[in-house]
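Report on the following structure.
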Amino acid sequence: MNEEILVNHQAHEIRIAVIQQGALQELHIERTASRGLVGNVYIGKVSRVLPGMQSAFIDIGLERAAFLHVADLWQSRPTPGSHGGAGSGSGSNHTHPIEKILFEGKPLLVQVIKDPLGTKGARLSTQISIAGRMLVYLPHDPHIGVSQRIGDESERQQLRQRLQRLLPKGETLGFIIRTSAEDASDDDLQSDVEYLCRRWRQILDGSQHLPAPSLLYQDLSLTQRMLRDTANDLSSMVLIDSTDGLAALNEFAATYMPSVAPRLKLYQADRPIFELHSIESEIQKALARRVDLKSGGYLMIDQTEALTTIDINTGGFIGGRNFEDTIFKTNLEAAHAIARQLRLRNLGGIIIVDFIDMINGEHRDTVLSELRKALSRDRTKSSVNGFTSLGLVELTRKRTRESLAHILCEPCPTCGGKGEVKTAQTICYEILREIQREAHQFNPKEFRILASQEVIDLFLEEEAQPLALLGEEIAKPVALQVETLYSQEQYDIILI
């Protein structure tokens with residue numbers, strides 16, 4: 001599959017687009033002022049332990065304390081030879097409850113595994129992992145694992161044996177072998193082992209000499225992570241529109257990824273790089289609630305704090321030999337569109353998909369198979385649970401960073417994020433009720449209504465009679481005044 005990577009490099013923001021077969025498939029954005037924290041290692045300080053939740057809050061120097069659950073505390077694991085007695089957390093198999101390990105004020109070496117999301121602080125783990133080009137080092141987990149993307153069992157075993165021979169004699173070290181190690185030489189693997197062990201020694205040294213909270217290790221920049229995790233043999237070209245950005249990437253590639261270095265190119269055309277393949281317009285579409293399908297059907301995507309819902313509709317699609325065939329084709333197309341939208345929007349957590357109801361069981365199985373197949377190309381881990389008794393498909397996608405909408409948007413100041421505002425007529429009746437209440441408590445000379453143009457216009461026209469009747473009832477004049485800066489829901493009642 002032909003793949004291009006386009007990098008729009010600015011001092012304040014870096015944007016990366018992954019193009020496959022001429023279509024935008026992935027979008028990554030990192031802003032200098034709010035760079036992601038996932039992968040960063042800190043020496044933190046325990047600020048509060050919650051035995052009832054088997055959790056703790058850790059101060060790592062951020063605005064909000066970070067969150068650590070006992071399941072992410074490697075020190076709480078059962079000791080060798082134990083039978084994994086019950087911890088005090090719900091459903092826990094940990095021998096050691098969190099209150100026996102942590103106490104307020106204790107310094108703790110931690111790594112961010114989830115960025116702060118909404119009102120939630122960062123999620124932490126004490127099981128550190130440091131990613132290299134071909135390996136991931138696990139200082140606290142002495143075993144050698146292999147990426148699930150390497151399916152051949154003989155190849156998996158061969159990679160384990162190769163790496164085991166390269167490790168220092170007498171030392172038990174933990175590593176995960178990444179897919180990029182499949183074609184790596186022994187020298188490449190050896191260099192990765194030495195680099196990762198050196199980085200870990202630097203982290204340990206910093207944890208012993210720096211005060212808590214302090215940052216000990218920062219993950220690579222977005223462009224470096226892109227080169228490490230995304231660029232591969234399928235990537236025909238990496239285009240960067242900045243000479244400084246290209247120089248930095250060339251230096252990184254020369255040290256860690258010499259095979260990719262020849263594909264790094266400077267983009268010099270007058271046309272902005274994100275105008276290629278209509279990327280800017282694709283970004284705007286990825287922020288919309290409605291996603292149109294080529295057949296005439298469409299998706300409706302609603303993101304909430306707890307989960308994301310996706311509803312499929314046939315729309316204007318009337319093709320197919322019969323109605324069941326039309327539904328089947330729409331659902332098949334939707335399955336591929338859903339996988340692409342999850343990547344583009346970086347949607348994670350629980351996702352509920354409401355496909356159009358299918359009577360045919362084979363059709364349901366085929367749609368589910370196509371969805372799994374489309375999601376298998378996603379670099380972010382996902383899991384599809386199949387159809388529920390209500391005909392919904394439940395799936396989960398790992399969430400580590402903010403979604404595209406949370407990066408680029410904020411709640412509407414007019415509706416407060418609801419997506420709806422009260423009608424002008426509703427506001428008129430709220431005002432009438434409030435004046436009635438105020439008249440029973442106070443005795444002003446006059447009531448003055450300050451409201452938007454739409455509400456005042458309604459009082460002067462359709463709702464003029466209820467306003468006049470209220471004036472007679474309270475025996476006070478009611479004046480009207482337009483406030484041009486008020487939204488439709490805003491109003492004030494002045495007592496004069």
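Which lysines, on any chain, are close to Lys476 with Cα under 18 Å apart, when same-chain ones fewer than 8 places away are left out?
Straight-line reach from Lys476, under 18 Å: Lys445.
Given a Förster distance of 56 angstrom, what is the FRET efficiency for Glu171 paired with Arg433, based on the Cβ-Cβ distance and rounded to 0.05?
0.15
Taking the dipole about the Cα centre of the chain, with the C-beta of Lys and Arg at +1 and of Asp and Glu at -1, give me whichever of Gln164, Leu220, Gly52 is farthest to the positive side.
Value computed over the given set: Gln164.
Counting only residues 5 or more places away or on other chains, whose amide H sits under 5 Å from the amide H of Gly145 once H atoms are built in the peptide plane?
Here the answer is Phe175, Ile176, Ile177, since their amide H atoms fall under 5 Å of that of Gly145.
If you plug each phi of the stretch 134-143 into the Karplus form 6.51 cos²θ - 1.76 cosθ + 1.60 with θ = phi - 60°, what whole-Hz ³J(HN,Hα) values come out, in order, with x for Gly and Pro?
10, 9, 10, 8, 10, x, 9, 9, x, 8
Express the accessible area of the stretch 347-496 per residue in Å², computed with a 1.4 Å probe while the remaining protein chains stay in the model.
Accessible area per residue: 59 Å².
Quick check: net charge around His440, other residues with Cβ under 13 Å of its Cβ, Lys/Arg +1 and Asp/Glu -1?
Value of the local net charge: 0.
R0 = 45 Å: FRET efficiency of Asn360 with Ile496, Cβ-based, nearest 0.05?
With a Förster radius of 45 Å, E is 0.05.
Between Asp152 and Leu480, what is the FRET efficiency for a Förster distance of 56 Å, r being their Cβ-Cβ separation, to the nearest 0.05? Can you show the working numbers first?
Numbers: r = 78 Å, r/R0 = 1.39.
The value I calculate is 0.10.
Once label points are set 7 Å from the Cα along Cα→Cβ at both Ala247 and Thr423, what is their separation, rounded to one decimal in nm?
Result: 6.3 nm between the two label points.
Assign unit charges at the C-beta atoms only (+1 for Lys and Arg, -1 for Asp and Glu), then state the dipole size of the chain relative to its Cα centre in Debye, rounded to the nearest 20.
The dipole magnitude comes to about 1920 debye.
Excluding Asp302 itself, calculate the net charge of residues whose Cβ lies under 10 Å from the Cβ of Asp302, where each Lys or Arg counts +1 and each Asp or Glu counts -1.
Residues near Asp302 contribute 0 overall.
Considering only Leu210, Leu470, Leu347, whose Cα is most displaced toward the positive end of the charge dipole of the chain, charges sitting on Cβ of Lys, Arg (+1) and Asp, Glu (-1)?
Projecting each Cα onto the dipole axis, the largest value belongs to Leu210.
Extending each Cα 7 Å along its Cβ direction at Asp229 and Thr396, get the distance between those two points in nm, one decimal.
1.9
In the P(r) worked out for the chain, what percent of Cα pairs fall beyond 38 Å?
Tail fraction, whole percent: 45.
With a length cut of 27 Å (Cα positions projected on each helix's long axis) and a Kyte-Doolittle mean of at least -1.0, go through the chain and give me the DSSP H helices that pass.
Once both thresholds are applied, what remains is 323-345.
Report the paramagnetic label zone for Leu62: residues of the stretch 397-414 whose backbone N is under 11 Å from a point 7 Å from Cα along the Cα-to-Cβ axis.
Backbone N within reach: 401-402.
To the nearest 20 debye, what charge dipole does the stretch 304-386 have about its Cα centre, counting +1 at the Cβ of each Lys and Arg and -1 at the Cβ of each Asp and Glu?
That gives the stretch 304-386 a dipole magnitude of about 520 debye.
Where both residues lie in the chain, what percent of DSSP beta bridges are antiparallel, nearest 5? Could you put the intermediate results ahead of the total?
Details: 64 of 86 bridges.
Antiparallel bridges: around 75 percent, rounded to the nearest 5.
Give me the extension gain from Arg271 to Phe323: residue separation times 0.36 nm, minus the current Cα-Cα distance, reported in nm with one decimal.
Separation in residues times 0.36 nm, less the Cα-Cα distance, equals 14.2 nm.
Between Ala11 and Asp183, what length comes free when the chain is fully extended (0.36 nm per residue of separation minus the Cα-Cα distance, one decimal in nm)? Don't skip to the end; give the middle numbers.
Values: separation 172, 0.36 × 172 = 61.92 nm, distance 3.55 nm.
Gain on stretching Ala11 to Asp183: 58.4 nm.
Can you give me the long-range amide H partners of Arg399? Hydrogens built in the peptide plane at 1.01 Å from N, cutoff under 5 Å, separation of 5 or more residues or another chain.
Gly349
Out of the total accessible area of the stretch 213-363 (probe 1.4 Å, heavy atoms of protein only), what percent is carbon and sulfur?
So the carbon and sulfur contribution to the accessible surface is 52 percent.
Under a 1.4 Å probe, what is the accessible area of the stretch 112-170 per residue, stated in Å²?
Roughly 50 Å² per residue, with all protein chains present.
Quick one: Karplus J couplings for the stretch 302-315, per residue in order, coefficients 6.51, -1.76, 1.60, θ = phi - 60°, nearest Hz, x for Gly and Pro?
10, 9, 10, 5, 8, 7, 10, 10, 10, 10, 9, 10, 6, x
Quick check for you: which residues of the stretch 136-171 have the amide N under 17 Å from the point 7 Å beyond the Cα of Asp205 toward its beta carbon?
No residue qualifies, since no backbone N sits under 17 Å from the label point.
What net charge do the residues around Arg162 carry, taking every other residue with its C-beta under 14 Å from that of Arg162, with Lys and Arg at +1 and Asp and Glu at -1? Spell out each step's value before the answer.
Numbers: positive: Arg156, Arg160, Arg165, Arg178; negative: Glu155, Glu182, Asp183, Asp186, Asp187, Asp188, Asp192.
With Lys, Arg at +1 and Asp, Glu at -1, the net is -3.
Ranked highest first by average number of other Cβ atoms within 10 Å, how do 29-40, 471-482 line up?
29-40, 471-482
Express the relative contact order of the stretch 170-314 as a whole percentage, based on alpha carbon pairs under 8 Å and six or more residues apart in sequence.
11
If the limit is 27 Å between Cα atoms, which of Lys45/Lys381; Lys100/Lys381; Lys285/Lys329 go over it?
Correct reply: Lys45/Lys381; Lys100/Lys381.
Find which of His143, Gly297, Tyr267 sits farthest along the positive direction of the dipole of the chain, computed with +1 on the beta-carbon of Lys and Arg, -1 on that of Asp and Glu, about the Cα centre.
His143
The values are calculated or read from the model by the stated rules, or taken from the named source; none is laboratory data. Because the structure is predicted, anything quoted here is derived from the model rather than measured. Please note: Cβ atoms are built from the backbone with ideal geometry, for glycine as well, and neighbour counts cover all protein chains shown. Keep in mind that these areas ignore ligands, DNA and RNA; they rest on the heavy atoms of the full protein, side chains included. Shrake-Rupley method; radii C 1.70, N 1.55, O 1.52, S 1.80 Å.
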